[in-house]
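What follows is a short report on a single structure.
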Amino acid sequence: MKVLVCISKTPDTTSKIAFKEGNTKFDETGVQWIINPYDEWYSLVRAIELKEKDATVTIHLITVGLADAEPIIRKALALGGDEAIRVNSDSHDSYFIAAQIAEIAKQNQYDIIFTGKETIDYNGSSIGGMIAELVDAPYISLATKFDLNATTANITREIEGGEEVCEVALPVVVSCQKGVAEQRIPNMRGIMAARTKPLKVVEPAAIDTLTTIASFELPPAKAGVKLVAADNVAELVRLLHEEAKAI
Amino acid sequence: MSVLIFIDQAEGHVKKSSYEALSYGSQVAKQLGVAAEGLVLGTVSDDLSFLGKYGVSKIHQVANEALNTVDTQVYAKAIADAVNASGATVVVLSHNTTGKAVAARVSARLKAGLVAGAIALPDTTNGFVVKKSVFSGKAFANVSITSAIKIISLNPNSFHVVAGEGSATVSPLNIDVTAGKVKVTATNKVSGEVSLTEADIVVSGGRGLKGPENWGILLDLAKELGAATACSRPVGDAHWRPHHEHVGQTGVQIAPNLYIAIGISGAIQHLAGVNRSKVMVVINKDPEAPFFKAADYGIVGDAFEVVPKLTEEIKKMKANS
Ligand SMILES: Cc1cc2nc3c(=O)[nH]c(=O)nc-3n(C[C@H](O)[C@H](O)[C@H](O)COP(=O)(O)OP(=O)(O)OC[C@H]3O[C@@H](n4cnc5c(N)ncnc54)[C@H](O)[C@@H]3O)c2cc1C
Ligand SMILES: Nc1ncnc2c1ncn2[C@@H]1O[C@H](COP(=O)(O)O)[C@@H](O)[C@H]1O
C-alpha cells in the first residue's frame, strides 16, 4: 500500500498580511511559515495511523516549492512518513502544482493520495480535484472520516447540510479536514530520524500555467464598531433593519 | 461563444446557490455580449423553464438518473462534454461543497484556468481578471485567467440574486455518462435546518454560553431570523454542538449577510472563517473582547439577558413592518 501526502507551506494564521512591489507580491518579512494545518493535522496524521496499523504501508510526502520549503517538509518527515519529494518551483497556479504532483503520482502508482481541504493562504480547495482528474481517479473532498478495507476505502465527507458515507475502490484522491485525525506533536526521535530520511529534489515538468495573480488588495479598514447599550436592544434591531438592511 | 452555468440540484430541486450562480453568469454573459445558458445534470421534478428569469435563454439538461448522485469524476466528464458541445468559453459554478470539487476537475480536464471562490464580476477591460479572497479573508487577489476557456466558482452569498421576467427553453443534451466508482452508502442530512454555507443569516455561540443546556436562547433567536446556527471551535470540540457547526480557520468558512456572535471572544482563527460576512454583530460581556475590533455593531452585556430581548425586539419589529 503506497500513500502520497501533499504538503504545502503557508504563513502562520497570526501573520501580518502585507504586499510589496506595487501590491503584486506577498511581503514575507517576519512571516513564520508552517505546514498548512489541514495537511499536517489531518491528512498526514491519518496516513501515519494507517502505517502504524499496517507496516507494509509506505508514505511519500510531496511539496511543490523552493528550497525554503525544506524545513516544512523536514517537520512533516519528523511527524512520520518515509521519504519526501520536492518539486523545485514557486508557482502559485493550482493547475501547474496539481499537474506536477500528478506526474510524480503516475510514476509511482499510489493507492491513496491525500491533500488538505484547502491552503489557508490561497484558499483554492482545488488541487485535490485537479490531481484526481489528471490521474483519472475518484475524488472524495472534505473528508471527515477515512477507513481502509482491503481494496476499498470507507469515507465520510461533508455535503451541503450534512454528511455522506461512501465506499470507493482504490486508488482514490481524498481531501481531508477536521475529524479525519487528531493533531500530533513531533517527538525527539522523529526529529532525529527525519534528518536522514531521503528528500529528493526534482525539477518541474513542462506544464503551462493557466492563471497568474495580477495584484493583491487589502480590505478597506472597518469603520469601527457601533456600540449599543445593553438596555437598548431595540436600537440594535432598528440599526440592523434600517441602516445595515441586514434583517 | 457562451457562458455556461452549472445548476446544482439536490433531490430533484434546484439549489439556492444556483440562483446566485445564474444571476452572476448572466451578468458575465451580458458583459461579454454572448448568450448565457444553464446546465442541469440528472432528473428534476421542477419545470426548469422558470430559470429564464435569472437571465439564461437556454437550459441544457442531461436527464440521466445516474447523475442524481454526485460523483465528481462522472460530473466532470459530463460538464466538460457539455462545454464542448455548447461551445462555451466561460463556465460558472457555485463554490459550494459540490462546486469546489467539480470545478477543479473540470479545470484540469479542459486545461481551463479556474478562479476558485470568486467574489466579484470579472474585469474584462484588459484580459480576464477575477477577484477572490485570499489569506482566509484577510486580503483579496485579482487573478488573471490566461487560458482560452475560463472557469469561475462563485463564493456563496457574494452576488445578489437578480430575478426578472423570462423563461428558458429546456433542451435535452445527449452525452455519454460513464459509470462512477463511488458508492454512497449512507446520507445524514441535518433536516429542517438552514444549511450553514448557504444561509443569509448565521447566529453563532461560543464558550461564553457556558454549556449546551443554554443554547435555547440562541436557537430561539435563529428561528426568529430564519438563520443557520454555528459555533466556535471549543464548543464543537466539547460536543456542545455538532462539529459541522464549527466555523473558523479549521472549520467551515462562511460569508453570510449577517453574522451574530454571542459569547465568542473573536480569536484570529475564528475570524478567519467569518470575516467575509457583510455585517457582523457581537454580544459579549467583556468590552475588551477582540471581536469588537472586527464587528460592525456590538452590545457589551450578558448574553443571557441581551439575547432573549433581541429575539423579542425582532418579533416586535416584524409585527410592525
Ligand atoms: C491553529 C488554531 C486553529 C484554530 N481554529 C479555530 C477555528 O477554526 N474556529 C474557532 O472558533 N477557533 C479556532 N481556534 C481556537 C481559537 O484560538 C479560540 O481559542 C476560540 O475561538 C475561542 O472560542 P470562544 O470564543 O468560544 O471562547 P473564549 O475565547 O473562551 O471566549 C468566550 C467569550 O465569551 C464571553 N462571555 C463569557 N460569558 C459571557 C456572557 N454571559 N455573555 C456574553 N459573553 C460572555 C467572554 O468575555 C469571552 O470573550 C484555533 C486555534 C488554533 C491555535
Ligand atoms: N505547493 C504545493 N505542494 C504540495 N501540495 C500542495 C501545494 N499546494 C497545495 N497543496 C495541497 O493541496 C491542498 C489544497 O490546496 P488548495 O487547492 O491550494 O487550497 C493543500 O491542503 C495541500 O495538501
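Among rounded, prolate and oblate, which fits region B:67-127 when a ≥ b ≥ c are the square roots of the eigenvalues of its C-alpha gyration tensor, a/c under 1.5 means rounded, and a/b larger than b/c means prolate? The shape class here is oblate.
The Cβ shell under 9 Å around B:Gly113 holds other residues with a net charge of +1, Lys and Arg each +1, Asp and Glu each -1.
In region B:2-172, the DSSP beta bridges split such that about 25 percent are antiparallel, to the nearest 5. Considering only GluC sites (Glu not before Pro) in DSSP loops that have at most 15 other Cβ atoms within 10 Å, the longest stretch of chain A without any of them is A:29-181. Electrostatic bookkeeping for A:Thr29 treats Lys and Arg as +1 and Asp and Glu as -1; over the other residues with beta carbon under 14 Å from its beta carbon, the sum is -2.
Residue ranges B:101-110, B:171-180 sort as B:101-110, B:171-180 when ordered by packing (mean number of other C-beta atoms within 10 Å per residue, highest first).
Taking Cα atoms only, the orientation of helix B:97-110 departs from the longest principal axis of chain B by about 30 degrees.
Each of A:Gly179, A:Val201, A:Asn108 was placed along the dipole of region A:2-219 (beta-carbon charges, centred on the mean Cα), and the one lying farthest toward the positive end is A:Val201. The B:Asp286 and B:Thr169 beta-carbon pair, evaluated with R₀ = 41 Å, returns a calculated FRET efficiency of approximately 0.10. Each part reduced to its alpha carbon centroid, region B:16-53 and region B:218-296 end up 32 Å apart. Counting only Cα atoms, the protein assembly as shown measures 68, 62, 51 Å along its principal axes, largest extent leading. Along the charge dipole of region A:1-148, pointing to its positive end and built from +1/-1 on Cβ of Lys, Arg, Asp and Glu, which listed residue (A:Asn23, A:His60, A:Leu50) has its Cα farthest out? Projecting each Cα onto the dipole axis, the largest value belongs to A:Leu50. Here each label is just a point 7 Å from Cα along the line to Cβ, and for B:Asn214 and A:Thr152 those points are 4.6 nm apart. A:Thr14 label point, 7 Å along Cα→Cβ, cut-off 12 Å on backbone N: hits in region A:25-48? Under 12 Å, as judged by backbone N against the label point of A:Thr14, lie A:32 of region A:25-48. The calculated FRET efficiency for A:Gln107 paired with A:Thr58, based on their beta-carbon distance and R0 = 25 Å, is about 0.95.
A crude spin-label estimate for the pair B:His160 and A:Gln32, with each label 7 Å from Cα along the Cβ direction, gives 4.3 nm. The calculated Kirkwood hydrodynamic radius for chain A is 19.9 Å, given to one decimal from all distinct C-alpha pairs. Its Cα centre serving as origin, chain B has a Cβ charge dipole (Lys and Arg +1, Asp and Glu -1) of approximately 740 debye. Bridges between two residues of chain B, per DSSP, are antiparallel at a rate of about 15%. Each Lys and Arg adds +1 at its Cβ and each Asp and Glu adds -1 at its Cβ; summed about the Cα centre, region B:2-172 shows a dipole of about 640 debye. Please report the spacing between the Cα centers of region A:97-113 and region A:148-181 in Å, no decimals. Result: 19 Å between the Cα centres.
What is the helix-to-structure angle for B:216-225, meaning the angle in degrees between its Cα long axis and the longest Cα principal axis of chain B, kept from 0 to 90 and rounded to the nearest 10? Once rounded, the angle reads 50 degrees.
Let me know the shape class of region A:59-129, please: from the alpha-carbon gyration tensor, a ≥ b ≥ c as square roots of the eigenvalues, rounded when a/c is under 1.5, otherwise prolate if a/b is greater than b/c, or oblate. Judged from the Cα gyration tensor, region A:59-129 comes out rounded (a/c under 1.5). Here chain A carries DSSP beta bridges of which approximately 40% are antiparallel, counting only pairs with both residues inside. Note on B:278-286: average number of Cβ atoms from other chains within 10 Å of each residue's Cβ is 3.
Exposed loop sites here are trypsin sites (Lys or Arg not before Pro) in DSSP loop states with at most 16 other C-beta atoms within 10 Å. What is the longest stretch of chain A lacking them? In short, A:17-183.
For region B:201-320, rounded, prolate or oblate, judged on the Cα gyration tensor with a ≥ b ≥ c (square roots of eigenvalues), a/c < 1.5 rounded, else prolate if a/b > b/c? Rounded shape, in that the Cα axes give a/c under 1.5.
Calculated mean residue ellipticity, 222 nm, the protein assembly as shown: -8000 deg cm²/dmol, from DSSP H runs (n ≥ 4) at -39500 (n - 2.57) each, averaged per residue and rounded to 500. Our coupling estimate for region A:64-73, obtained by passing each phi through the Karplus curve with A = 6.51, B = -1.76, C = 1.60 and θ = phi - 60°, is 9, x, 7, 4, 5, 8, 5, x, 5, 6 Hz, Gly and Pro reported as x. Taking a point 7 Å out from the Cα of A:Asp90 in the direction of its Cβ, the residues of region A:115-133 whose backbone N falls within less than 18 Å of it are A:121-122.
Inter-chain Cβ neighbour count for A:19-30, averaged per residue, equals 1 (cutoff 10 Å, partner chain atoms only). Does anything in region A:1-43 have its amide N under 18 Å from the 7 Å Cα→Cβ label point of B:Asp123, and if so which residues? Output list for this probe position: A:19-26. Among residues other than A:Pro138 with Cβ under 13 Å from its Cβ, the summed charge is 0 (Lys and Arg +1, Asp and Glu -1).
Simple point charges give the picture: +1 on the Cβ of Lys and Arg, -1 on the Cβ of Asp and Glu, and for region A:92-247 a dipole about the Cα centre of about 740 debye.
Placing a pseudo-label 7 Å from each Cα along the Cα-to-Cβ vector at B:Arg207 and A:Arg238 gives an inter-label distance of 3.7 nm.
Along chain B, the longest continuous region that contains none of the GluC sites (Glu not before Pro) in a DSSP loop with at most 12 other C-beta atoms within 10 Å is B:12-164. Per residue, the convex hull around the alpha carbon atoms of chain B comes to 148 Å³. Based on Cα contacts under 8 Å between residues 6+ apart, region B:201-320 shows a relative contact order of 25 percent.
Where a number appears in this text, it was derived from the coordinates with a stated rule and is not lab data. The structure displayed is predicted, hence computed values, not measured ones. When we count neighbours, we look across all protein chains shown, and the Cβ atoms used for this are built from the backbone with ideal geometry, even at glycine.
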